[in-house]
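Engineer: If you scroll down you'll find the structure; I have some questions about it.
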Amino acid sequence: MCEPYGQEDYRVRLDWGATGAGAGRADLSVVVDVLSFSTSVCIAVERGMRVCPSPWKGAEAAAFAEQHDAVLAVGRGDAAKDGAMPGPTLSPAGLLAGPVVPRLVLPSPNGSTIAASLRDTGSVVAIGCLRNATATAEQLAAALDEGHSVTVIAAGERWAADDSLRPALEDHLGAGAILAALTRLGHDDELSPEAAAAADLFQAGRDRLLEWTRGCVSGRELTERGFGTDVDVAAQLDASRVVPVLTDGWFGRPS
């Protein structure tokens, strides 16, 4: 009997957060953290960088970066301080316009943690977002055609009060964009109800995508902190054809 919480009766699944990522052990898993881990990884890899997702911050992440001759991305807030040295951050807009480094360590307690947990299950781990939604769906369709199962993990955010999962509209839309594109590729009958509902949500909001991404809680939070450009970059549907894949601990272009 299949584990009901893993949606294993369906070959295309949707779940939330690190716990959801472990519930359904699919052959191919896509992490969707639109604001901003997934979008940042997509842009960095598109520009020729390899990205190591780090669930740690501070000294531990710095030591890892030094050990691997990589550059450690700093927080957006730290980079905005007076006198701060310019460098890569978890900012899609900054990564789009800033210098290219060969290897980048990107701390993210959300997206990086999910990617690491999926890697440990033996699943192939890819990065999806609004910017590469159709390209990601094409990769999923190819996997399904080969008989594999796939899952899309919406990262969500965390409540400060108790660190519990806060479902995030931007991630539901990003996951839905991928799944809606997958239905257009002829795989609509293989989606779990959760996956189908995400696709329907995206279709309902497609014409208001920028408005919804700017107006949702996460979008307003970033805008109020002075990072509204990151929201706009993240909301650019199908701006990229690159689908980063995790290989030996680093995200890069698939070989």
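The values are calculated or read from the model by the stated rules, or taken from the named source; none is laboratory data. Please read these numbers as outputs of a predicted model, since none were measured by experiment. When we count neighbours, we look across all protein chains shown, and the Cβ atoms used for this are built from the backbone with ideal geometry, even at glycine. What goes into the accessible areas is simple: the full protein's heavy atoms, side chains included, and nothing from ligands, DNA or RNA. Shrake-Rupley method; radii C 1.70, N 1.55, O 1.52, S 1.80 Å.
Engineer: If the elastic network links every pair of Cα atoms under 10 Å, which of 140, 182, 165 fluctuates the most in the Gaussian network model of the chain?
Structural biologist: Checking each option, the largest mean-square fluctuation is seen for 165.
Engineer: OK, next. Using DSSP, restrict attention to beta bridges with both residues in the chain and report what percent are antiparallel, rounded to the nearest 5.
Structural biologist: Percentage antiparallel, nearest 5: 25.
Engineer: While we're here: Would you pull out the residues with amide H under 5 Å of residue 168's amide H, same chain only if 5 or more places away, H placed 1.01 Å from N?
Structural biologist: Those lying under 5 Å, H to H, from residue 168 are 156, 157.
Engineer: Heavy atoms of the protein only, probe of 1.4 Å, neighbouring chains included. What is the accessible area of residue 148 in Å², nearest 10?
Structural biologist: 70
Engineer: Based only on the alpha carbon positions, what is the Kirkwood hydrodynamic radius of the chain, in angstrom?
Structural biologist: Hydrodynamic radius (Kirkwood, Cα only) of the chain equals 18.0 Å.
Engineer: Nearest 20 debye, what's the magnitude of the dipole of the chain about its Cα centre given +1 on Lys and Arg Cβ and -1 on Asp and Glu Cβ? Walk me through the numbers on the way to the answer.
Structural biologist: Details: 21 positive and 34 negative charges, 145 e Å.
My answer is approximately 700 debye.
Engineer: In nanometres, what is the gap between the two model label sites at residue 203 and residue 62, each 7 Å from Cα along Cα-to-Cβ?
Structural biologist: So the label points at residue 203 and residue 62 sit 5.1 nm apart.
Engineer: Now for a separate question. Roughly speaking, what is the centre-to-centre gap between segment 132-167 and segment 226-255 when only Cα atoms are used, to the nearest Å?
Structural biologist: 13
Engineer: Based on alpha-carbon centroids, what's the gap between segment 47-76 and segment 188-202 in Å, whole number please?
Structural biologist: Each part reduced to its Cα centre gives a spacing of 35 Å.
Engineer: Subtracting the Cα-Cα distance from 0.36 nm times the residue separation, let me have the gained length for residue 145 to residue 188 in nm, one decimal. All intermediate terms of the calculation are to be shown ahead of the outcome.
Structural biologist: On the way: separation 43, 0.36 × 43 = 15.48 nm, distance 1.31 nm.
Result: 14.2 nm gained on full extension.
Engineer: Starting from the Kirkwood Rh over alpha-carbon pairs, what translational D in µm² s⁻¹ does segment 6-58 have by Stokes-Einstein at 20 °C and 1.002 mPa s?
Structural biologist: Details: Rh = 13.0 Å.
Answer, rounded: 165 µm²/s.
Engineer: Given the options 143, 133, 73, which has the most mean-square fluctuation in a GNM of the chain, springs set between C-alpha atoms less than 10 angstrom apart?
Structural biologist: For the chain, modelled as a Gaussian network with Cα springs under 10 Å, the answer is 143.
Engineer: Something else about it: Long-range amide H contacts for residue 56: which residues qualify at under 5 Å (H placed 1.01 Å from N, peptide plane, sequence gap of 5 or more or a different chain)?
Structural biologist: Correct list: 108.
Engineer: Can you compute the FRET efficiency between residue 223 and residue 162 using 1/(1 + (r/R0)^6), with r the Cβ-Cβ distance and R0 = 30 Å? Round to the nearest 0.05. Before the final figure, lay out the partial values.
Structural biologist: Values: r = 26 Å, r/R0 = 0.85.
Once the sixth-power term is evaluated, E becomes 0.70.
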